[in-house]
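The values are calculated or read from the model by the stated rules, or taken from the named source; none is laboratory data. Keep in mind the model is a prediction, meaning the values are calculated, not measured. Note: ideal-geometry Cβ built from the backbone for every residue, glycine included; neighbour counts use all protein chains shown.
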Amino acid sequence: MQAYRVNIDYEYFLFDPHYQASTAKYQKMIEEWEYIYWYCDNSGTLLTQKNYPTIELKKIEKIINAEVKLTKQTDKVINWFGDTTNKELMQKCNSRVYSTQWALNENLLDTNQTKILPTLPEELPAGYLMKEEGGFSGMGIHQSLKKCRPPVIVEPYYERTGDFSVLFIEGKPHFYQNKIDNKFQYKGSVVKNAQAWELRDLDLSDEHKSIASEVSQKIFKHYHQMSPQAVWGYDFFTYEQNGKSKIYPVNEVNFRKTLGYFFIKLCTHLGKSAEGAQLVFETAHIPKNFSGEIVSVSPKANKFQLSLLLT
């Protein structure tokens, strides 16, 4: 029997030279997030060492309208979150350095502001930050030289006004907005039209929508030729500079599944009659005056208590 492992430690597997899959650190991380598998793809069996209370499994089954299957042993493990069959290729596809170089080659980024360095600079100029080749949810982004592994991307610390993602599912783009904190950590997502996921519904100027549309087509073609993955995406953001709104059209590529994919799949289960939807990481982040439907989707013992808000 085959079973699926939610290898949410994927970026460590790709980019951390000290990575060891069996350590408690990574097992804890996997057990925190592995339940998303059932919401996203409930046709198979989840490989887990965690003991889920029956009441939690029943809650998920009610939402997805299907039986959840799990096992602690299997003779065939399939890594579900990210592809591990060709590590060298996947390092390239998930590399911030590679995606930034591609964007520079396509004249999408300013070569005077964004630099790729093979070694660490002697000092980091004030108002600048460095991005390592790998990392997720703000990891690998530094405002000092400490604990930074080259090669690195050096660029200004932009005053962001909006964070966005494009997720391709079987080639179809899904556009939505993200909530990011001041450490660049992901805190949730928002979509105005949970039935469409279209670019036109994002809070962007017509000029920025035109750029985002063109880039989404270019980047899909390029990465699809490298490896035709079924689910992957990339992030971009807007910022203010000298009183003008600008767009940073390719921030990083996530050539794997994402929590945005989880958000989209949640909406297929719960948001069929909703207009808008929002995924929040903690109940404390739910607006006090929110009058729509609130659905808790995480196991109660988990650190992060995610909820889907429907309007």
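Annotations
- Condition met for Ser216 (buried (at least 19 other Cβ atoms within 10 Å of the Cβ) and either polar (S, T, N, Q) or over 25 Å from Gln195 (Cβ atoms) (or both)): yes
- Residue match in the stretch 142-162 (condition: within 17 Å of the chain's Cα centre (by Cα) and in a helix (DSSP H, G or I)): no
- Of the residues making up the stretch 259-311, those that are modelled with pLDDT under 90, within 15 Å of Val191 (Cβ to Cβ) and either touching a helix residue (DSSP H, G or I) at 6+ places or on another chain (Cβ under 8 Å) or surrounded by fewer than 21 Cβ atoms within 10 Å (Cβ to Cβ) (or both) are Lys272, Ser273, Ala274, Glu275.
- Checked against (1) surrounded by 14 or more Cβ atoms within 10 Å (Cβ to Cβ); (2) β-branched (Val, Ile, Thr); (3) free of Cβ contacts under 8 Å to residues at least 40 places away in the same chain, Val6 meets all criteria but (3).
- Residue among Thr71, Thr23, Thr54 that alone is outside the structural domain of Phe304 (by TED's automatic domain parsing), among the β-branched types (Val, Ile, Thr) and touching a residue at least 60 places away in the same chain (Cβ under 8 Å): Thr71
- The residues of the stretch 276-311 that are of a type in the set (A, V, I, L, M) and either in a strand (DSSP E or B) or not assigned by TED's automatic domain parsing to the domain that holds Tyr261 (or both), listed by number, are Ala277, Leu279, Val280, Ile294, Val295, Leu308, Leu309, Leu310.
- Close pairs from the stretch 97-111: first closer than 13 Å to Pro151 by Cα, partner among the basic types (Lys, Arg), Cβ under 6 Å, at least 6 apart: Tyr98/Lys92
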